[in-house]
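See structure below.
The values are calculated or read from the model by the stated rules, or taken from the named source; none is laboratory data. No experiment lies behind these values; they were computed from the predicted model shown. Here Cβ is always computed from backbone atoms with ideal geometry, including for glycine, and neighbour counts include all displayed protein chains.
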């Protein structure tokens, strides 16, 4: 009996050993077993990615979010998925507000789907300062990540993710739901298991719908369908098309050289909860030119539980897109512009106000590396409509170059570059009532003691005419004579921002930069006689902080608003150059498109309808309360009517220089090589559609 027992026990033990050995052997060769080093690498990848989520602030302007995604997420995601996130920011996780913020991703489980794909189930954990000190968390959001390694020797990278209410929805059940809803589509799941790409409340019932990626399509096209959460599970939504047919429907987005299809989910606050799919068709001869835009809008009908085609919303959205993407094109030659030709060869600065045009003119031409080739020491004022010369004066110097010409009803303000130094060392105002020429700050006292070989200049870095006042950013410059040579250097007086009453010459100090690393870059005239000026400051940590200060003469107060803070031009926190409108709006480039926004809330931006031409917006975009005007690289003029939203492209203007604007009128210099330069004056009100 004992012998039989021992034999049986030995057999059982042998079976167990064989089973255990087989189990471990199978795991060692099973491609769907997560190896120890794979688990460690994927865990580190996901956790490190989770620790960086708070560095992407989804409430920032689109351009900044795109740059943040590129800078922060690049080490963790595949190149294709990175491009997908940049093109559709709604797919990207990140922080929305300063608190709570996404602190980390906690991994719940992993599953190896194939030899190159590991599916990670986790949760985004949110924190505030309270939880950081007292424990707990401020909320959790489900997240599913697909981590792939397409190269046996390459790194594991996040290639897709889903977060939100339905992130954990069973993929196999979702596949069956789609197969039942689309029985004739055999390619569902052809690229992988369908998943919920986005959760969004489209119907307005506070229960989010699921935008499901059907995992079909090519490299540049994604196919989706909309699912509603009904009776505890997802079901494919029903659509009613323009012909009255009711069925399930798939929607898609993607792009090619000639076509682009986009999706948009909108709640306009007026009870319209709709899905928009719009197709942009481009010209066969020039893919940069849009030929047509078509839109299909489907509005949710709570009574019928259908997304129904809505012709009114389709036309309305189509017209809005046409305004944004397809400006009216007019030939410059067809416009009723005025051209004033100078009696001298060259014009260097121009400004228009209420039908009057002031400009600097003189002899010579602009020649590279020969600054003195142009001698523009004359200032003239013409009536634009009649072309009649109304005023002329000149600077009593053998050589000078007038610049920064500005005009209003009462005054003309300009600065003059002179020898020595070829620096703007004089500033003048013309009283238009008396025609008197006034030199500003002729004997300005910087209060510095200098040696006999040193001459102190007042350099006019920035000037602004506002009402009866000249706003001047000035700095001291020392000219030191040493034998036969002369050296220029920054004076100890530094930089000052002052205001001069042009009627009586009284001076008021507005602002003195607190440190040498603080500079004033731009001046803007605002409504109600106030002004704004842009500043940059190099911080102790090397960051550059840009601010806009607002100054009101009635209160003599300064109110700064921080625009950005950045380390270098590649830092996504930098918005680049910008300009300010009289009604305190900021114009800058976001996601390579020109946008306008309130200065205090850059994220609340609206597209103007033009791509960014280059980095220096203040060089080619000007704005009033009525219009935004841009000089394009090819010399054409883009005009955005801020009141009507109308966009116009003026072809054939051949603008080569800066455009100036006042309310509804613009002016620019028409440069000529063989004949005298001229000034072009155009009233923009003539562009309005009948």
Of the residues in region 531-554, those that are over 20 Å from residue 516 (Cα atoms) and part of a strand (DSSP E or B) come to 531, 532, 550, 551, 552
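Every residue in region 318-344 that is assigned to a strand (DSSP E or B) and surrounded by 13 or more Cβ atoms within 10 Å (Cβ to Cβ), please. Working first, answer last.
Step one: of region 318-344, the residues assigned to a strand (DSSP E or B) are 328-331, 338-341.
Result: 328, 330, 338, 340, 341.
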(1) buried (at least 21 other Cβ atoms within 10 Å of the Cβ); (2) farther than 30 Å from residue 245 by Cα; (3) within 35 Å of the chain's Cα centre (by Cα) all hold for residue 300 apart from (2)
Scanning region 179-200 for residues that are more than 17 Å from residue 232 (Cβ to Cβ) and in contact with a strand residue (DSSP E or B) (Cβ under 7 Å, 6 or more places away or on another chain), the one surrounded by the fewest Cβ atoms within 10 Å (Cβ to Cβ) turns out to be 200
Answer yes or no: is there a residue in region 440-456 that is within 18 Å of residue 558 (Cβ to Cβ) and touching a residue at least 60 places away in the same chain (Cβ under 8 Å). no
For region 437-461 the number of residues that are closer than 16 Å to residue 507 by Cα and under 36 Å from the mean Cα position of the chain (by Cα) is 1
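Here is a yes/no grid of residues against (1) over 16 Å from residue 50 (Cβ atoms); (2) surrounded by 12 or more Cβ atoms within 10 Å (Cβ to Cβ); (3) under 31 Å from the mean Cα position of the chain (by Cα):
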| site | (1), (2), (3) |
| --- | --- |
| 105 | no, yes, yes |
| 109 | no, no, no |
| 122 | no, yes, no |
| 127 | no, yes, yes |
| 142 | no, yes, yes |
| 159 | yes, yes, yes |
| 170 | yes, yes, no |
Sole miss for residue 311 among (1) farther than 30 Å from residue 188 by Cα; (2) free of Cβ contacts under 8 Å to residues at least 40 places away in the same chain is condition (2)
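Residue by residue through region 153-176, note down the ones that are closer than 23 Å to residue 207 by Cβ and either free of Cβ contacts under 8 Å to residues at least 40 places away in the same chain or assigned to a strand (DSSP E or B) (or both). Talk me through it step by step, then tell me what you get.
Going residue by residue through region 153-176, those that are closer than 23 Å to residue 207 by Cβ are 161-171, 173-176.
Once the filter is applied, which keeps residues that are closer than 23 Å to residue 207 by Cβ and either free of Cβ contacts under 8 Å to residues at least 40 places away in the same chain or assigned to a strand (DSSP E or B) (or both), region 153-176 yields 161, 162, 163, 167, 170, 171, 175, 176.
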Taking first residues from region 93-120 that are outside the structural domain of residue 57 (by TED's automatic domain parsing) and at pLDDT below 90 and second residues anywhere that are surrounded by 12 or more Cβ atoms within 10 Å (Cβ to Cβ) and in a strand (DSSP E or B), the pairs with Cβ under 7 Å that are 6 or more apart or on different chains are none
Okay, strands (runs of 3 or more DSSP E) sitting entirely in region 555-615 with 1 or more residues that are under 19 Å from residue 647 (Cβ atoms) and in contact (Cβ under 8 Å) with a residue 12 or more places away in the chain, I get 585-590, 593-598, 606-611
Per the filter on region 197-209, residues more than 29 Å from the chain's Cα centre (by Cα) and part of a strand (DSSP E or B) are 209
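For every residue, the table says whether it meets (1) part of a helix (DSSP H, G or I); (2) assigned by TED's automatic domain parsing to the domain that holds residue 267; (3) free of Cβ contacts under 8 Å to residues at least 12 places away in the same chain.
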site: 178; (1), (2), (3): yes, yes, no
site: 186; (1), (2), (3): no, yes, yes
site: 193; (1), (2), (3): no, yes, no
site: 212; (1), (2), (3): no, yes, no
Note on residue 611: of the conditions (1) modelled with pLDDT under 85; (2) surrounded by 17 or more Cβ atoms within 10 Å (Cβ to Cβ); (3) farther than 25 Å from residue 406 by Cβ, unmet is (2)
